[in-house]
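Enquirer: Attaching a single structure in structure tokens format; questions to follow.
The values are calculated or read from the model by the stated rules, or taken from the named source; none is laboratory data. Because the structure is predicted, anything quoted here is derived from the model rather than measured. FYI the Cβ positions are ideal-geometry reconstructions off the backbone, even for glycines, and counts take in every protein chain you see. In case anyone asks, the SASA skips ligands and DNA or RNA and just uses the protein heavy atoms, side chains included. Shrake-Rupley method; radii C 1.70, N 1.55, O 1.52, S 1.80 Å.
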Amino acid sequence: MRIGVFICHCGSNIAGTVNCASVAEQARAFPNVVFSTDTLYACSEPGQDGIIEAIKEHKLTGVVVASCTPRMHEPTFRRAVERAGLNRYMFEMANIREHVSWIGKDMDANTNKAAELVRMAAAKLRLNAELKPKSFPVTKRVLVIGGGVAGIQAALDAADAGLEVILVEREPTIGGKMAKLDKTFPTVDCSSCILGPRMVDVAQHPNITLYAAAEIESVSGYVGNFEVKIRKKSTCVDWSKCTGCGLCTEKCPAKKSYNRFDEGMGPTTAIIIPFPQAIPKKASIEKAWCRQFLTGKCGVCAKICPTGAIDYAMQDEIVPVKVGGIVAATGYDLVDWTVYDEYGGGRYPDVITSLQYERLLSASGPTGGHVKRPSDGREPKSVVFIQCVGSRDPSIDRPYCSGFCCMYTAKQAILTKDHIPDSQSYVFYMDIRSPGKGYDEFTRRVQEEYQAQYIRGRVSMIYPNGDKLIVRGADTLMGTQVEVEADLVVLAVGGEAAHGAPHLAEKLRISYDKYGFFMEGHPKLKPVETNTAGVFLAGSCQGLKDIPASVAQGSAAAAKVIGLLSRDMLESDPQIAQVDLKRCIGCGKCIAVCPFKAIQEIDLRGQPRAEVIETVCQGCGVCNATCPQGAIQLSHFTDNQILAEVEALCRF
């Protein structure tokens, strides 16, 4: 073998604490190394051209590049060696930036460590084999999980590109949190006027199949050929017959049911259509409030339904589908603010959340757009907004900023003045974070034109005083304690990962962080991709964001899946597990530990044996480490290759 070694300076990132020329000089003495040099930026076009020229000039059969993390640039260098005629897997990368230069300042020690890492990479390269990917056909159909604004955007973009789209939403209607809003910032235009037409587009698009009131039961398969089971939850209404006339909702006697869409701000009936613009506009029964299920005596809706759509015996239905790509757009939920006992912990009816206030402001809300106190129905004249409730608070394990609370509080203060001209708004804040286009001007407008009083400080407690609420807090700019008498208190509650998000992540075989948000492939270079090929992210499931950012990410995820499924055939990664059937004893331990369900049991002349499903295997190596017989080897990372690296490091 003829090995070439290239040591990257990475500007001063590496060269600042590593003597790159010395590392290159030491590498020339390593076995099978016939060429070694250092270069300023190996990943640049001149750097890659230099690698290609060296391969041709010195007839290299393997290449080692010592630079930054393989996670970022390994595909770059693999493409470069391929252009020079080498197999892409006859390449190794030593990480001397994150593993050396960034963690120490001792030049001599760093230089020695960098040389050792290069020695290890060269030792492994000597045992590398030329691997070749296999091709397989793809299913040109997309699954979008979540019918909020991000999911809607992704579904429409993919459908407009000619792909079949299956949109799954767990609620009886699509629209997500945006459907509950009255207005949007910073333009203060109607949320329903923006979202409504997009929802109708989903319902009428010939390439989109919508499953509302449904959840993902299971996901198996691999990129290009996922097999998904969708659980259509029982609504006790046959939607193929329901016309959305609303007669059942008018006649239902259970008129004190909890209204989830209105965030509990007003009662509803046990059979409901969430809101006038709902898509699909179909009724569904809430069994927890329905007298037919609670007492066995009612049946009013079944008696008056003109189409006979009511079916009390309806059961959940499992629908199997096959898709080529998946977009997760499951959104977010609000933090449980009742943990804050100092804010009443849910005891005071006139302390409400920002989303509940949106429903009071909305013309389709329980009060018809008239702002009224929940306790007595009076119009509030003094409204206090408290920001960062459930955000930037390590005490409840929510140290992150939700990102949109400052802006929607400013919007609600403006709307309060519009609805009640003689009202006064007070805003307790920690910091005003308004980095978007037109956002800072918007927050200034609410203070200057609408006379909202912004008080920088935290609120220590809220307590009742007659029919008023006393809000006690600090004004850190004035250095004093303040008390404000309020008719209504609105808490700007932060967001958190959607309930059940970690469970869904496990079904999709993707990573999630400690707060439940799905992890992207790379924070900068792969913001909508995941560690599982074919699964993409859109909207607040990846991290909290406002409407424009969610829409942008929805389109980005759609673009990625369109690009993926634009090809008739995909290539599988050959860095996968291989089973030596002669050594396998069929114990099944590898099947139990495989996180991707990529190993199955087969029968070999009456004996159980393990077999790797090549297109499903992700090359994680868990089975390799688990097998008690050593019957499984990971291509490109065999035991002998790993031991060669260890021996190169421990040669003395």
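Enquirer: From the list Thr17, Thr76, which residue is closer than 26 Å to Phe637 by Cβ and in contact (Cβ under 8 Å) with a residue 12 or more places away in the chain? Working first, answer last.
Expert: Numbers: Thr17 fails: closer than 26 Å to Phe637 by Cβ.
Result of the check over Thr17, Thr76: Thr76.
Enquirer: Restricting attention to segment 92-116, and to residues there that are in a helix (DSSP H, G or I) and hydrophobic (A, V, I, L, M, F, W, C), which single residue is farthest from Leu127 (Cα to Cα)? First the steps, then the outcome.
Expert: First, the residues of segment 92-116 that are in a helix (DSSP H, G or I): 97-101, 107-116.
Still in the running and hydrophobic (A, V, I, L, M, F, W, C): 100, 107, 109, 114-115.
Details: Val100: 25, Met107: 31, Ala109: 28, Ala114: 21, Ala115: 19 Å.
Among them, the one singled out is Met107.
Per-residue answers, yes or no, for (1) more than 30 Å from Arg567 (Cα to Cα); (2) among the aliphatic types (A, V, I, L, M); (3) free of Cβ contacts under 8 Å to residues at least 24 places away in the same chain:
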site: Gln204; (1), (2), (3): no, no, yes
site: Glu217; (1), (2), (3): no, no, no
site: Cys245; (1), (2), (3): yes, no, no
site: Asn259; (1), (2), (3): yes, no, no
site: Glu263; (1), (2), (3): yes, no, no
site: Gly266; (1), (2), (3): yes, no, no
site: Pro276; (1), (2), (3): yes, no, no
site: Ser284; (1), (2), (3): yes, no, no
site: Cys298; (1), (2), (3): yes, no, no
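Enquirer: Still on this structure, please answer the following. For segment 35-60, what are the residues that are in contact with a Leu (Cβ under 7 Å, 6 or more places away or on another chain) and open to solvent by 30 Å² or more (accessible area, probe 1.4 Å)?
Expert: Listed by number, the list holds a single entry, Phe35.
Enquirer: Got a sec? Which of Cys301, Cys290 is in contact with a helix residue (DSSP H, G or I) (Cβ under 7 Å, 6 or more places away or on another chain) and at pLDDT 95 or above? Show your work before the answer.
Expert: Details: Cys290 fails: in contact with a helix residue (DSSP H, G or I) (Cβ under 7 Å, 6 or more places away or on another chain).
Matching residue, one of Cys301, Cys290: Cys301.
Enquirer: Taking the criterion of being in contact with a Cys (Cβ under 9 Å, 6 or more places away or on another chain), of a type in the set (A, V, I, L, M, F, W, C) and surrounded by 14 or more Cβ atoms within 10 Å (Cβ to Cβ), would at least one residue in segment 561-578 satisfy it?
Expert: Looking for residues that are in contact with a Cys (Cβ under 9 Å, 6 or more places away or on another chain), of a type in the set (A, V, I, L, M, F, W, C) and surrounded by 14 or more Cβ atoms within 10 Å (Cβ to Cβ), one finds at least one in segment 561-578, hence yes.
Enquirer: Restricting attention to segment 515-546, and to residues there that are among the aliphatic types (A, V, I, L, M) and surrounded by fewer than 21 Cβ atoms within 10 Å (Cβ to Cβ), which single residue is farthest from Cys406 (Cα to Cα)?
Expert: Ala533
Enquirer: Name the single residue, out of those in segment 580-597 being within 27 Å of Gly324 (Cβ to Cβ) and without any contact (Cβ under 8 Å) to a residue 60 or more places away in the chain, that is nearest to the chain's Cα centre (by Cα).
Expert: First, the residues of segment 580-597 that are within 27 Å of Gly324 (Cβ to Cβ): 591, 594-597.
Add one more test, that the residue is without any contact (Cβ under 8 Å) to a residue 60 or more places away in the chain, and what stays is 591, 594.
On the way: Ile591: 28, Cys594: 23 Å.
The qualifying residue nearest to the chain's Cα centre (by Cα) is Cys594.
Enquirer: Sticking with this one: I'd like to check which helices (runs of 4 or more DSSP H) are fully inside segment 546-652 and have at least 1 residues that are over 22 Å from Ala328 (Cβ atoms). Walk me through how you get there before you give the answer.
Expert: Numbers: elements: 547-565, 589-593, 622-626, 639-649.
So the answer is 589-593, 622-626, 639-649.
Residue-wise test of (1) hydrophobic (A, V, I, L, M, F, W, C); (2) farther than 20 Å from Gly224 by Cβ; (3) touching a residue at least 24 places away in the same chain (Cβ under 8 Å); (4) open to solvent by 60 Å² or more (accessible area, probe 1.4 Å).
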site: Ile599; (1), (2), (3), (4): yes, no, yes, no
site: Leu604; (1), (2), (3), (4): yes, yes, no, no
site: Cys620; (1), (2), (3), (4): yes, no, yes, yes
site: Cys627; (1), (2), (3), (4): yes, yes, yes, no
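Enquirer: Next question, about the same structure. Collect the residues in segment 246-304 that are aromatic (Phe, Trp, Tyr), out of contact with any Pro (no Cβ under 9 Å at 6 or more places or on another chain) and not in a helix (DSSP H, G or I), keeping them in residue-number order.
Expert: Across segment 246-304, the qualifying residues are Phe275, Trp289.
Enquirer: Residues to consider are Lys287, Lys303, Lys297; find the one that is within 36 Å of the chain's Cα centre (by Cα) and basic (Lys, Arg). If you could, list the steps in order and put the result at the bottom.
Expert: Numbers: Lys303 fails: within 36 Å of the chain's Cα centre (by Cα); Lys297 fails: within 36 Å of the chain's Cα centre (by Cα).
Testing whether each residue is within 36 Å of the chain's Cα centre (by Cα) and basic (Lys, Arg) leaves just Lys287.
Enquirer: Hey, can you tell me all the residues within segment 503-514 that are over 16 Å from Val335 (Cα atoms) and surrounded by fewer than 20 Cβ atoms within 10 Å (Cβ to Cβ)?
Expert: Those that are over 16 Å from Val335 (Cα atoms) and surrounded by fewer than 20 Cβ atoms within 10 Å (Cβ to Cβ): His503, Glu506, Lys507, Arg509, Ser511, Asp513.
Enquirer: Something else: With (1) of a type in the set (Val, Ile, Thr); (2) crowded, with 20+ Cβ neighbours inside 10 Å; (3) in contact with a Pro (Cβ under 9 Å, 6 or more places away or on another chain) as the list, and Val223 as the residue in question, which single condition is left unmet?
Expert: (3)
Enquirer: Conditions first: (1) part of a loop (DSSP other than H, G, I, E, B); (2) open to solvent by 70 Å² or more (accessible area, probe 1.4 Å). Tyr450 passes all but one, so which condition is the exception?
Expert: Failed condition: (2).
Residue by residue, here is whether (1) open to solvent by less than 20 Å² (accessible area, probe 1.4 Å); (2) not in a loop (DSSP other than H, G, I, E, B) holds:
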site	(1), (2)
Leu127	no, no
Glu130	no, no
Val142	yes, yes
Leu195	yes, yes
Thr209	no, yes
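Enquirer: When segment 231-262 is examined, which residues are found to be within 32 Å of the chain's Cα centre (by Cα), open to solvent by 40 Å² or more (accessible area, probe 1.4 Å) and either at pLDDT below 95 or at positive phi (or both)?
Expert: Listed by number, the residues that qualify are Tyr258, Arg260.
Enquirer: Taking the options Gly494, Gly516, Gly500, name whichever one is in contact with a Pro (Cβ under 9 Å, 6 or more places away or on another chain) and not hydroxyl-bearing (Ser, Thr, Tyr).
Expert: Details: Gly494 fails: in contact with a Pro (Cβ under 9 Å, 6 or more places away or on another chain); Gly500 fails: in contact with a Pro (Cβ under 9 Å, 6 or more places away or on another chain).
Exactly one of Gly494, Gly516, Gly500 is in contact with a Pro (Cβ under 9 Å, 6 or more places away or on another chain) and not hydroxyl-bearing (Ser, Thr, Tyr), namely Gly516.
Enquirer: Working only within segment 392-406, note down all residues that are touching an Asp or Glu at 6+ places or on another chain (Cβ under 8 Å), surrounded by fewer than 22 Cβ atoms within 10 Å (Cβ to Cβ) and touching a residue at least 24 places away in the same chain (Cβ under 8 Å).
Expert: Matches in segment 392-406: Arg398, Gly403.
Enquirer: Next up: Which residue is most open to solvent (accessible area, probe 1.4 Å), if the candidates are limited to segment 89-105 and must be of a type outside the set (Val, Ile, Thr) and free of Cβ contacts under 8 Å to residues at least 40 places away in the same chain? Let's see the steps before the verdict.
Expert: Of segment 89-105, the ones of a type outside the set (Val, Ile, Thr) are 89-95, 97-99, 101-102, 104-105.
Adding the requirement that they be free of Cβ contacts under 8 Å to residues at least 40 places away in the same chain leaves 91-95, 98-99.
Working: Phe91: 1, Glu92: 18, Met93: 22, Ala94: 5, Asn95: 16, Glu98: 51, His99: 98 Å².
In this case the residue turns out to be His99.
Enquirer: May I pose another question? What do you reckon, is Glu82 in contact with a Leu (Cβ under 7 Å, 6 or more places away or on another chain), open to solvent by 10 Å² or more (accessible area, probe 1.4 Å), on the phi < 0 side of the Ramachandran plot and not β-branched (Val, Ile, Thr)?
Expert: Working: in contact with a Leu (Cβ under 7 Å, 6 or more places away or on another chain): no; open to solvent by 10 Å² or more (accessible area, probe 1.4 Å): yes; on the phi < 0 side of the Ramachandran plot: yes; not β-branched (Val, Ile, Thr): yes.
Here the answer is no, as Glu82 does not meet what is asked.
Enquirer: Which of the residues spanning segment 420-444 are surrounded by fewer than 21 Cβ atoms within 10 Å (Cβ to Cβ), touching a helix residue (DSSP H, G or I) at 6+ places or on another chain (Cβ under 7 Å), in a helix (DSSP H, G or I) and not hydrophobic (A, V, I, L, M, F, W, C)?
Expert: If the condition is that a residue be surrounded by fewer than 21 Cβ atoms within 10 Å (Cβ to Cβ), touching a helix residue (DSSP H, G or I) at 6+ places or on another chain (Cβ under 7 Å), in a helix (DSSP H, G or I) and not hydrophobic (A, V, I, L, M, F, W, C), then Tyr439 is the only one that fits.
Enquirer: Right, something else. Check whether at least one residue in segment 148-158 is assigned to a helix (DSSP H, G or I), touching a Phe, Trp or Tyr at 6+ places or on another chain (Cβ under 9 Å) and modelled with pLDDT of 95 or more, and report yes or no. Before the answer, list the steps.
Expert: Restricting attention to segment 148-158, the residues satisfying the condition of being assigned to a helix (DSSP H, G or I) are 149-158.
Checking the rest, the ones that are also touching a Phe, Trp or Tyr at 6+ places or on another chain (Cβ under 9 Å) come to 154.
Now restrict to residues that are modelled with pLDDT of 95 or more: 154.
Yes, segment 148-158 has at least one match.
Enquirer: Would you confirm whether or not segment 454-467 contains a residue that is closer than 17 Å to Pro380 by Cβ and in a loop (DSSP other than H, G, I, E, B)?
Expert: Going residue by residue through segment 454-467, those that are closer than 17 Å to Pro380 by Cβ are 462, 464-467.
Okay, now just the ones that are also in a loop (DSSP other than H, G, I, E, B), so 466-467.
Checked against the condition, which is being closer than 17 Å to Pro380 by Cβ and in a loop (DSSP other than H, G, I, E, B), segment 454-467 yields at least one hit.
Enquirer: In addition: Cβ-Cβ distance below 9 Å, separation of 6 or more or different chains: which pairs start in segment 542-560 with a residue that is closer than 10 Å to Pro527 by Cβ and end on one that is open to solvent by 30 Å² or more (accessible area, probe 1.4 Å) and among the polar types (S, T, N, Q)?
Expert: Once the first residue is closer than 10 Å to Pro527 by Cβ and sits in segment 542-560, its partners that are open to solvent by 30 Å² or more (accessible area, probe 1.4 Å) and among the polar types (S, T, N, Q) give Gln553/Gln542.
Enquirer: Kindly indicate whether any position in segment 54-69 is within 35 Å of the chain's Cα centre (by Cα), part of a helix (DSSP H, G or I) and under 22 Å from Gly521 (Cβ atoms).
Expert: Within segment 54-69, none of the residues are within 35 Å of the chain's Cα centre (by Cα), part of a helix (DSSP H, G or I) and under 22 Å from Gly521 (Cβ atoms).
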